Structures are given as structure tokens and as C-alpha cells.
Amino acid sequence: MVDRLVHSPANRKRISVVEDRFGSSGQPLAVPGRVLVGEGVLTKLCRKKTKPRMFFLFNDILVYGNIVIHKKKYNKQHILPLEDVKLKSVDDDGVMKNAWKIISATKSFMVSAATATEKSEWMAHINKCIQDLLTKSGKKPATDLSPVWVPDSEAPVCMSCHKNKFTAINRRHHCRKCGYVICSSCSTKRYLLPQIASRPIRVCDTCYNTLSAGQTGEDAGRSYQDRDSSGEDDDDDDDEEDDSQKTEEEVHPTFYEDNYR
């Protein structure tokens with residue numbers, strides 16, 4: 001079981017290595033009771049295309065980042081608390097195989113593994129960690145979750161008005177509430193979604209109207225008129241020049257304990 005690894009020197013060393021590879025760009029990861037359960041490369045579906053990302057599964061968090069030099073240097077670290085995470089398997093299609101959705105309160109996205117076996121291993125380990133964490137804390141699974149964004153390639157026209165065709169001038173935007181790809185005319189306002197961001201963020205007019213209709217007195221002030229709807233908010237996966245290294249060789253995940261059996 002994972003508990004056997006908590007105080008082991010091997011576990012402390014593995015966590016230290018992960019911290020070193022993120023360097024000053026990452027947060028400290030060594031905290032009492034934390035265990036590194038496994039690690040490996042997964043393909044993440046980003047806005048414009050799929051990209052390799054290095055994932056580290058701990059018994060309480062899921063960490064991922066860009067690959068600068070494989071097994072040596074990573075950056076743009078992201079941390080998802082597992083108590084806020086849900087998984088959903090995705091059927092194979094022409095775009096991605098062996099895929100599943102990682103859905104959380106702050107950020108949701110789709111990833112895929114190299115094989116069906118590796119997909120099953122990842123999902124089993126993550127689900128076991130979530131189950132153990134919720135059992136120990138007594139908390140209920142998260143319900144207020146962020147959407148998985150629809151990829152740009154799947155929306156040649158606005159998914160709200162179904163009229164405006166996207167071009168180099170008429171840019172795509174994403175609603176932070178439903179994940180749809182929308183035009184600027186259909187996303188003129190912003191709304192405060194505290195689980196995702198500390199500032200008002202872009203939502204489509206349909207979601208804005210629904211959210212505003214449900215406001216109470218203490219929620220007043222969450223809605224904002226968008227002063228600048230010409231551009232998309234920054235996102236780690238939107239960088240035109242991605243510094244991630246392409247991993248040409250087969251990279252299989254490593255799990256340090258058969259914790260889900």
C-alpha cells in the first residue's frame with residue numbers, strides 16, 4: 001500500500017528529484033504524508049493540437065508540466081488537488097486513442113496514453129488515490145467542476161450563434177463555464193467564477209444570463225461587462241512557440257507501488 005512508502009528514503013528522494021527538475025519555476029512538493037505514486041508522459045489535448053506533458057501522480061495531488069529536457073528539466077508546473085478531480089473515460093476516435101478526461105474545479109482537459117493498458121493503469125491508480133483521500137478526509141466528491149474546452153479544430157463557426165465563421169481576424173474564444181468555442185459577439189461579458197480564477201473571466205452570453213439569473217444578494221457584483229473582448233485570456237497551452245521537447249522514444253509510465261490492487 002501507499003502508506004508503506006510515506007517514510008521511505010526512496011520516496012523522499014523521488015520527490016526531491018521532481019522538485020529539482022522543475023527548479024525555481026515549480027512549487028515545493030515535499031510535505032508530510034505525501035507519496036509519489038507514479039510518473040510518466042501523457043499526450044494532452046490542448047486548444048490547437050496535442051502536446052506531450054510530464055505527469056506526476058502523488059497520493060493527494062496530480063502535477064504536470066512542459067517537457068524541456070526529458071527526465072532532466074520541466075517547466076510551467078500545474079497542481080491539481082485530487083479531492084477536486086474526477087475521471088471520465090473517452091471512446092477511441094480518429095483524433096485520440098486510449099484517452100480520458102481529467103476534470104477538476106480549476107482546470108479540465110483530455111489526455112491519452114500510448115496503449116490501452118497504460119490508460120487502465122493510470123486511471124486505476126488515480127481513482128484509487130482519489131478514493132483513499134476522500135475516505136480519509138470524509139469529504140464528498142467535488143461537484144462544481146470546470147469544463148473541458150472544445151478544441152479549436154472542432155469549431156469552424158461559433159458554437160453559440162452558428163453564424164460567425166472564424167478567421168485570422170474573427171478569433172475564437174472559449175467560454176469558461178461551458179467550454180464552447182464562441183465568437184466575440186457572443187461573449188461580450190465576464191463573470192467571476194471563484195473556483196477557476198480570482199478575477200472575472202470570459203463566459204458566453206448564454207452562460208452569463210444563466211449565471212446572472214441565479215445571483216443572490218451576496219453574489220451581486222460577480223458580473224462584469226467585458227471591456228476588451230478582442231483577445232483570448234492567456235493559457236499555458238496557447239503558446240505559439242511551445243518549448244516542450246518531443247519524446248521520440250517510447251516512454252512507459254512508472255508506478256512505484258501496486259496501490260490500487
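The values are calculated or read from the model by the stated rules, or taken from the named source; none is laboratory data. These numbers come from a predicted model, not from an experiment. No Cβ is skipped: glycine too gets one built from the backbone with ideal geometry, and neighbour counts run over all protein chains shown. All accessible areas refer to the heavy atoms of the entire protein, side chains included, with ligands and DNA or RNA removed. Shrake-Rupley method; radii C 1.70, N 1.55, O 1.52, S 1.80 Å.
Working from the pairwise distances between different alpha carbons, so that the mean of 1/r is found and then inverted, what is the stretch 83-192's Kirkwood radius in Å? That comes to 16.0 Å for the stretch 83-192.
Largest first, the residues T188, T50 sort by 1.4 Å accessible area into T50, T188.
Residue-wise HN-Hα couplings along the stretch 28-44, as the Karplus relation 6.51 cos²θ - 1.76 cosθ + 1.60 with θ = phi - 60° gives them from phi, are x, 10, 7, 10, x, x, 8, 10, 7, 7, x, 7, x, 8, 10, 8, 9 Hz; Gly and Pro carry x.
Specify whether the C-alpha gyration tensor of the stretch 98-147 places it in the rounded, prolate or oblate class, a ≥ b ≥ c being the square roots of the eigenvalues: rounded for a/c under 1.5, otherwise prolate if a/b is larger than b/c and oblate if not. It comes out oblate by the Cα gyration axes. For the stretch 30-111, the relative contact order is 21 percent, taking Cα pairs closer than 8 Å that sit 6 or more residues apart in sequence and dividing their mean separation by the residue count. Given R0 = 41 Å, the distance between the Cβ atoms of H162 and D20 translates into a calculated FRET efficiency of 0.25. Placing R0 at 25 angstrom, the Cβ-Cβ distance between T254 and K101 gives a FRET efficiency of 0.60 after rounding to 0.05. Here each label is just a point 7 Å from Cα along the line to Cβ, and for T143 and H78 those points are 2.6 nm apart. Taking amide H as placed 1.01 Å from N in the peptide plane, V37 has its amide H under 5 Å from the amide H of L57, F58, N59, each at least 5 places away in sequence or on another chain.
Determine the order of L29, L134 by accessible area, beginning with the largest, at a probe radius of 1.4 Å.
Details: L29 0, L134 25 Å².
So, going from the largest accessible area down, we get L134, L29.
Take every Cα pair under 8 Å in the stretch 1-154 that's 6+ residues apart, average their separations, divide by the length, and report that relative contact order as a whole percent.
Details: 275 pairs, mean separation 30.2, N = 154.
Normalised by residue count, the contact order of the stretch 1-154 is 20 percent.
Taken as Cα centroids, the stretch 130-154 and the stretch 7-48 sit 20 Å apart, rounded to the nearest whole angstrom.
May I ask you to derive the relative contact order of the stretch 122-188, considering only C-alpha pairs under 8 Å and at least 6 residues apart, and to give it as an integer percent?
Working: 68 pairs, mean separation 18.4, N = 67.
Across the stretch 122-188, relative contact order equals 27 percent.
Placing a pseudo-label 7 Å from each Cα along the Cα-to-Cβ vector at H7 and T206 gives an inter-label distance of 5.6 nm.
For the pair S185 and T135 in one chain, pulling the backbone fully straight at 0.36 nm per residue adds 13.4 nm over the alpha carbon distance.
Here the average projected area of the convex hull drawn through the C-alpha atoms of the stretch 143-212 stands at 4.8 nm².
If we sort 102-111, 147-156, 78-87 on the protection proxy, mean other Cβ atoms within 10 Å, highest first, what's the order? If you can, show how the numbers build up before the last one.
On the way: 102-111: 20.2, 147-156: 15.9, 78-87: 18.2.
Descending packing order for the listed peptides: 102-111, 78-87, 147-156.
In the context of the full protein assembly, Y180 retains an accessible surface of approximately 110 Å², using a probe radius of 1.4 Å and ignoring ligands and nucleic acids.
Taking 0.36 nm per residue of sequence separation and removing the Cα-Cα distance, the K71/S198 pair yields an extension gain of 42.4 nm. Value of Rg to Rh for the stretch 1-97, rounded to two decimals, is 1.00; Kirkwood radius and Rg both from alpha-carbon coordinates.
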